[in-house]
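First comes the structure, then the notes that go with it.
The values are calculated or read from the model by the stated rules, or taken from the named source; none is laboratory data. Please read all numbers here as calculations on a predicted model, not as lab measurements. Reconstructed Cβ throughout: ideal geometry from the backbone, glycine too, with neighbour counts over all protein chains shown. Only protein heavy atoms, including side chains, enter the accessible area calculation; ligands, DNA and RNA are left aside. Shrake-Rupley method; radii C 1.70, N 1.55, O 1.52, S 1.80 Å.
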Amino acid sequence: MRMGTAGAPLIALCLAATTPARAEELPTRFEAAVRAAVGFPIGNATGETTRAPSGTSLSDLVSWTVPLELELGARIGPAFVGGYVSYAFGKAGSALEGGTSRSANNVRFGFEVLWHLGPDRPVDPWVGLGVGYEWLNLSIGTPSGALTGTARGFEWVNLQLGIDFLLGRSFRLGPFVAAFIASLLI
């Protein structure tokens, strides 16, 4: 497995976390988190076609996104169990060039479980697993109007790694990295 250097500090903090308190010492309580990230698409948007024998790359449709995510749920010992909703604005990719304007946005929601490695610490690294649903909206402006397209489908697996910074008893803020395995239908 190849790892970029950008994720190394995040992994180092996770490994350096001291042993968390036992689950029975941590109360069950409501918790909310806000997360922000930068997203870069990987993989194919479509399979083989006559115009694109090797498929259409997702990065040809969406260059980048900036997802903002809200999580609400319960902290049960070192585990967070709850739901998430995410909105990402972004830039449409090179396959959509030629219009007077172009845009992309992505909406996701679902269920997740996050395992916190330092649940009683002000800096708390975590790993997570989730499932959900998402839809991708693309728009191209033309002199005669806008052309829009939507792809939607299930997010079968959502793997996450992040760090929370405690901002009060029940609110956390922090960066994360995530990888999704999804199938979207146009």
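For the stretch 162-175, backbone phi angles converted through the Karplus equation (6.51, -1.76, 1.60; θ = phi - 60°) give residue-by-residue couplings of x, 9, 9, 10, 5, 10, x, 5, 10, 10, 10, 9, x, x Hz, Gly and Pro being listed as x. Give the accessible surface of the stretch 29-186 per residue, rounded to a whole number of Å², with probe radius 1.4 Å and ligands, DNA and RNA excluded. Ligands and nucleic acids excluded, the figure is 52 Å² per residue. Quick one: net charge of Ser94's neighbours, Cβ under 12 Å, K/R +1, D/E -1? Taking every Cβ under 12 Å from that of Ser94, the sum is 0. The fraction of accessible area contributed by carbon and sulfur in the stretch 75-186 is 70 percent, rounded to a whole number (1.4 Å probe; ligands and nucleic acids excluded). What FRET efficiency do you get for Val66 and Arg121 if R0 is 30 Å and r is their Cβ-Cβ distance, rounded to the nearest 0.05? Once rounded, the FRET efficiency stands at 0.60. Counting Lys and Arg as +1 and Asp and Glu as -1 over every other residue whose Cβ lies under 14 Å from the Cβ of Asn137, the net charge comes to +3. Remark on Gly39: its backbone amide H falls under 5 Å from those of Thr65, Val66, a criterion applied only to residues 5 or more positions apart or on other chains, H modelled at 1.01 Å from N. Principal axis extents of the Cα atoms in the stretch 72-186, from largest to smallest and rounded to whole angstrom, are 57, 26, 20.
Using C-alpha pairs under 8 Å with a sequence gap of at least 6, the mean separation divided by the residue count of the stretch 93-134 gives a relative contact order of 38 percent.
Residues whose amide H falls under 5 Å from that of Arg121, counting only those 5 or more places apart or on a different chain, are absent, with hydrogens built in the peptide plane. Derived scalar couplings between HN and Hα for the stretch 66-77 equal 10, x, 10, 10, 10, 10, 9, x, 10, 8, 10, x Hz in order, rounded to whole Hz, by the Karplus curve 6.51 cos²θ - 1.76 cosθ + 1.60 (θ = phi - 60°), x for Gly and Pro.
Taking 0.36 nm per residue of separation and subtracting the current Cα-Cα distance, fully stretching the chain between Ser144 and Val81 would add 17.9 nm. 3J(HN,Hα) couplings calculated from phi for the stretch 100-107 with the Karplus curve 6.51 cos²θ - 1.76 cosθ + 1.60 (θ = phi - 60°) are, in sequence order, 6, 8, 8, 8, 9, 8, 9, 10 Hz; Gly and Pro show x.
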